[in-house]
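Q: Before I ask anything, let me first share the structure, which is written out below as structure tokens.
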Amino acid sequence: MALSKSIGRRRAEIRKNRPDLDQTLLGRLLRPEFHVPLLVAFAFVVCASAILMLRTDVVSWRVGQYAPHDIVARVEFVYRDPTVFDIQRRSAREQEPRVYRAAEDPFVKLQQELIALPALVQRQKFEQLSEPYSKVLDPPSMAMLQDYADSNKRAIWTDLVQTYTGSLQKLGLAILPDADRNEDLTNKQALVRLGALPTRIQETVTPSMRDDLETKFAKPAKDIFPIVLAPKIVDLTLDRLTPNYTLDALATVQAQNAAAERVSPTIADIQVKANQTYVSKGQVDLSDFNQLKAEHEAYLASLGSLVWMQRLGMVAAVIVLTAIGGAYVAKYQPRIVRNHARAVGLAALMLSMLLLSQLAALGSARSYMVYIAPTLTVAMILAIAYDQRFAIGMGAIHALLATLAVNEGLDFLLILMTGVATCCFLLDDVRTRSRLIEVGGACAMALIGVTVAAGLLDMDPVPYIIRNAIYSGAAGLAVGFITLGILPFIERVFKITTSMTLLELADASLPLLRRLALEAPGTYNHSLQVATLAEEGAEAIGANSLLCRVASYYHDVGKINKAEYFVENQQPGQNRHMNLSPSVSLLIIIGHVKDGIELAKEYALPTSIIPFIQQHHGTTLVEFFYHRARTGQDMNDPLVQEVNEHQYRYPGPKPRTRETAIVMLADACESATRAMDEPNSNRIETLVHEMAMKRLLDGQFDESELTMRELELIERSLVKSLLGLYHGRIQYPADIRGPLTQSQPFPTPQQSAKTA
């Protein structure tokens, strides 16, 4: 018993002192490096749950969708038909009388003209009368008017006219403009409201209604004027009559609006009982959708607190999917866990696309295109930014969330998964702009096929199947164009470099490469050779060969600043290091790494190129100047400190990817082979193996994840490529070999600062 307790205490002490033995899930998650990723995951759960909460407002059927059966009400509800309500409001507007305001009294002006009439005809003959008097008057009536023009009878005539016009005013006639009154009658609005007061007059007249007005004006005229003048005065009155009321358009509109507002909304309420059919089989129109929405709201209200159970279930589903997604990320893309910016970018991408799908589902129409496109966008972006396997996994998780958001069924999930799989399987490399369009087109064809299959499975009518298939295909094709448009933004956010961008960087006319070729031609030629070697080496192990080739073009750009200090750019017999101490030469040699990084940033090279500039020498020893310093050191002088090997190493870091390790080895082998005298197959093979083993034993490949098998394949590829570059040549006779064709020996290792 005591022995077992002692063993238990020892094991506990070992676990305490060795935290690496703590392999429990909770223990790993509580490590400091997981704090920010867990916070991002928590924020994702909160935001995704908030977005999916809007799902409760999503109606199952939407405008334009085909309902294969009658829809029965789950609960009793009241539906307010907006069509009926609009009809009632429009009827109230039409029945509201129009408003007229008082105009200038026509009888006042008529009185003035009639009083002046005797004086007007006093000294004129009948033939001299102008219109309209010549048409109305006759010689007897004219003679009588001339008689009233006498000064003794002028007052009598004035009294007669004033009495006559006063009688007409007492009639209280509402004389309206012809056009307005005719429109009132056309709209069956016989009643009009005159003035500000709500006075309604049923009978109205217009100046053109001469027969009716003549009847009204004849009696006052006969009672006041002589029998000869009475009909003439009536005719003159009708000729001079104008409306005494005009239409007030603003007041009319206000009155009609007020009448429409007085209509109670409850007049359009339709009560539907539970288990009653309220939407018939067939295409769902806007009226059906409004009823479906009202029934859905009533159903949610009837659930009461049970709605929170549904929401809790939704949150639980989001947590489960987030946990699966987090585990998937940690398994296949652990750098996202370490790089917090990438984690935030991934979460923001998925949330923004989920929100777009959810907002589209809140509308009345079923938009297949907007439902599908966001998930396909997520899959395509992740396939470009990471790899196909990761994009398929995260695309599947987003497809599940999107299906929940838009309240669709398994057939919709099948469509999404087909689109995600098609995009990810085909999008392995983006070397041309047309590639994204080709992938979008292939995705469109796949979506059309699976949408047709899903429609046939649900027994939808053929027109609806065709329409949904067209929308699905349009979504797949549109995603290709959208991704092509935002590709530079994707590269900047996720800090990636697509093959299309790498091919653009390989253009020899770019400013930095042109500068390298002009200012350091030897280095430029060396970089081209290294690019060929590195590309073949990457192909041998399945690494990114294009990245290796393009990065090799730029790996030595730092030599531009001091090109004459590097042997490949020096003329025979010129060596700037002859008069420099080894320590100064060392600073110049290793300084090309720092200068290269600064130039890369100055010319805005992608971040994927900078590690090759920084790591292609790793922490290797600058052997030439180290040995030169050791050789020039006075070992007998006790005051002279021994040269430290660490001081003559590159600052690093060591290669951290397989691609940078390949470029390091290709760079070293190309330089050493170039300095070799009469290279042949055995010598090159021995040289490549020695260079590889030397860097392997020096620990330069420790952080690159390069295996021994891959290193062997790279060696074989380098040997094959170097033999192609530096193959043996025929020795021509001296008499036909001019000085221009004489082969010049390669620099010896002692002459080459590069081999250090």
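Q: Report the FRET efficiency, 1/(1 + (r/R0)^6), for N182 and S434, where r is their Cβ-Cβ distance and R0 is 45 Å, rounded to 0.05.
A: 0.10
Q: What is the set of long-range amide H partners of R80 at a cut-off below 5 Å, with H atoms built 1.01 Å from backbone N?
A: Long-range HN contacts for R80: I270.
Q: Once you place label points 7 Å from the Cα toward the Cβ at V108 and R240, how far apart are they in nm?
A: Roughly 1.5 nm, to one decimal.
Q: Still on this structure: Residue farthest toward the positive end of the dipole of the chain, with Cβ of Lys/Arg at +1 and Asp/Glu at -1: which of V58, I156, A179?
A: V58
Q: Too long at a 27 Å Cα-Cα cut-off: which of K495/K720; K694/K720; K495/K694?
A: Over 27 Å apart, Cα to Cα: K495/K720; K495/K694.
Q: For the full complex of protein chains and a 1.4 angstrom probe, list D159, D460 by accessible area with the highest value first.
A: So, going from the largest accessible area down, we get D159, D460.
Q: Between E690 and A316, what's the calculated FRET efficiency when r is the beta-carbon distance and R0 is 60 Å? Round to 0.05.
A: Working: r = 61 Å, r/R0 = 1.02.
According to the calculation, E is roughly 0.45.
Q: Then there is this: Taking amide H atoms as placed 1.01 Å from N in the peptide plane, list the residues 5 or more away in sequence, or in a different chain, whose amide H sits under 5 Å from that of R649.
A: Placed amide hydrogens put V622 under 5 Å from R649.
Q: Along the stretch 426-438, what does the Karplus equation 6.51 cos²θ - 1.76 cosθ + 1.60 (θ = phi - 60°) give for ³J(HN,Hα), rounded to whole Hz, x for Gly and Pro?
A: 8, 8, 8, 7, 10, 9, 9, 5, 6, 4, 5, 5, 5
Q: I've got another one for you. Suppose the chain between I324 and I115 were pulled fully straight at 0.36 nm per residue; how much longer would it get relative to their current alpha carbon spacing? Let's see the in-between values first.
A: Numbers: separation 209, 0.36 × 209 = 75.24 nm, distance 10.38 nm.
Length gained between I324 and I115: 64.9 nm.
Q: What pairs in K125/K153; K562/K601; K153/K216 have C-alpha atoms more than 22 Å from each other?
A: Among K125/K153; K562/K601; K153/K216, the Cα-Cα distance tops 22 Å for K153/K216.
Q: Taking the Cα centre of the stretch 303-425 as the origin and placing charges on Cβ (Lys, Arg +1; Asp, Glu -1), which of P334, A373, M309 is farthest toward the positive end of the dipole?
A: Of the options given, the answer is P334.
Q: What percent do you get for the relative contact order of the chain when only Cα pairs under 8 Å and 6+ apart count?
A: 12
Q: Work out from phi, with θ = phi - 60° and the Karplus expression 6.51 cos²θ - 1.76 cosθ + 1.60, the ³J(HN,Hα) of each residue of the stretch 152-164, listed in order in whole Hz, and give x for Gly and Pro.
A: Along the stretch 152-164, the couplings run 6, 9, 5, 5, 5, 5, 5, 5, 4, 5, 5, 5, 5 Hz.
Q: Roughly how big is the chain's charge dipole about its Cα centre, with Cβ charges of +1 (Lys, Arg) and -1 (Asp, Glu), in debye to the nearest 20? Before the final figure, lay out each step's value.
A: Working: 76 positive and 79 negative charges, 363 e Å.
In debye, rounded to 20, the chain gives about 1740.
Q: Additional query: So, in nm, how far is label K153 from label K273 when the simple model puts each one 7 Å beyond its Cα toward the Cβ?
A: The answer from the label model is 9.0 nm.
Q: As an exercise, use a Förster radius of 30 Å and the Cβ-Cβ distance of H69 and S305 to find the FRET efficiency, rounded to the nearest 0.05.
A: 0.45
Q: Hey, rough spin-label estimate for E519 and R683, points 7 angstrom out along Cα→Cβ, what's it come to in nanometres?
A: Here the answer is 3.5 nm between the modelled labels.
Q: With no solvent and one point on each alpha carbon, what is the Debye value of log10 I(q)/I(0) for the chain at q = 0.07, 0.10 Å⁻¹?
A: Evaluating at q = 0.07, 0.10 Å⁻¹ gives log10 I(q)/I(0) of -0.77, -1.09.
Q: Helix-only mean residue ellipticity at 222 nm, the chain, DSSP H runs n ≥ 4 weighted -39,500 (n - 2.57), per residue, nearest 500. What is it?
A: On the way: 32 runs with 467 residues, N = 756.
Helix-only estimate at 222 nm: -20000 deg cm²/dmol.
Q: Taking H placed 1.01 Å from N in the peptide plane, check which residues at least 5 places from V63 or on another chain put their amide H under 5 Å from its amide H.
A: Distant-sequence amide H within range of V63: A365, R366.
Q: Report the gain in length on full extension from V78 to E705: 0.36 nm times residue separation, minus Cα-Cα distance, nm rounded to one decimal.
A: Working: separation 627, 0.36 × 627 = 225.72 nm, distance 6.85 nm.
Once the chain is fully extended between V78 and E705, it gains 218.9 nm.
Q: Oh, and also: Give the share of C-alpha pairs in each 10 angstrom bin for the stretch 290-333, from 0 to the last occupied bin, in whole percents, shortest bins first.
A: Using 10 Å bins, I get a P(r) of 25, 27, 23, 16, 9 for the stretch 290-333.
Q: Still on this structure, I have one more. May I ask you to evaluate 6.51 cos²θ - 1.76 cosθ + 1.60, the Karplus curve with θ = phi - 60°, for each residue of the stretch 441-455 and list the ³J(HN,Hα) values in order in whole Hz, giving x for glycine and proline?
A: Karplus values, whole Hz, x for Gly and Pro: x, 5, 4, 4, 5, 5, 5, 4, x, 6, 5, 4, 5, 5, x.
The values are calculated or read from the model by the stated rules, or taken from the named source; none is laboratory data. Computed from a predicted model, the values in this text were never measured in an experiment. With ideal geometry, Cβ positions are generated from the backbone for all residues, glycine too; neighbour counts draw on all protein chains shown. Accessible surface is based on the protein model in full, side chains and every heavy atom, while ligands, DNA and RNA are left aside. Shrake-Rupley method; radii C 1.70, N 1.55, O 1.52, S 1.80 Å.
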